[in-house]
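Okay, structure first, notes after.
The values are calculated or read from the model by the stated rules, or taken from the named source; none is laboratory data. A quick note: this is a predicted structure, and the numbers were derived from the prediction, not measured. As a convention, Cβ positions derive from the backbone with ideal geometry for all residues, glycine included, and neighbour counts pool all protein chains shown.
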């Protein structure tokens, strides 16, 4: 309070000096400079008379200002300070990611500011407590937003492709930095995850592969391969599930025949087949036409449906025995 009043005294003095009549002194000056105040002994000073209310017109501006500060302004400042100290600061979490956050993150990808993009990804992992939230709440919406920018002709194909490539880099980087789960000595379930023949995009499929691996599946994945190579793979190696990503409508041509050939050639008579991607998203009719067991619009849902399908077929085979 001393500092507050000390800083106000020059202002009050200036106001009083400006408004006093010529030849007069401010009340503070006349009181402090009075000879009686300086000379009278303490013993001669009479006891103070009871205070009486002084009309506002008889009080100085300095007194009125001081009273206003003491009775109104300072109590309010104290209450505000207490409220600020008691206010709980809530750290943002991954599930609070907004559309604006996604747009800002995509801008970092497009501008190739990977240092900041990696910093954002690491922060989401730390605040959310895991990498699943990074894939679900940041990387997946960012990939979808890039697709929207391409559809609206905001970005050209090259820009979007580079953005998705940088998303894939972040996903692989975070996979290397996150603590590895408990080592699985014997994989019970095997999956082959590839882009459909003729496809080039693999970001979404890589995300699915990561989720499957973290859940204990043994996963083989890579770029698209010709149909003949696919048939050799499923004929010579046991897979519980084969999955394809289909982003372009042109890749649908001949896919139904390819899936039928894969089932026929597989050494696993109960092979499950799943498809995903922009060309088949949420299209059950197209999924049935192609001959797949199911389609999914997220990596987590793909894992749930794959586990459910393999569980059901395992129980069926046991009951037959």
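Data overview
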read-out: All positions within segment 279-307 that are assigned to a loop (DSSP other than H, G, I, E, B), in contact with a helix residue (DSSP H, G or I) (Cβ under 7 Å, 6 or more places away or on another chain) and more than 23 Å from residue 214 (Cβ to Cβ); value: 279, 280, 291, 292
read-out: Unique residue being buried (at least 21 other Cβ atoms within 10 Å of the Cβ), under 19 Å from residue 200 (Cα atoms) and outside the structural domain of residue 298 (by TED's automatic domain parsing) when the list is 146, 134, 162; value: 146
read-out: Yes/no for residue 216 being within 20 Å of residue 300 (Cβ to Cβ) and part of a loop (DSSP other than H, G, I, E, B); value: yes
read-out: Qualifying residue in segment 233-249 (condition: part of a helix (DSSP H, G or I), free of Cβ contacts under 8 Å to residues at least 12 places away in the same chain and over 20 Å from residue 139 (Cα atoms)); value: no
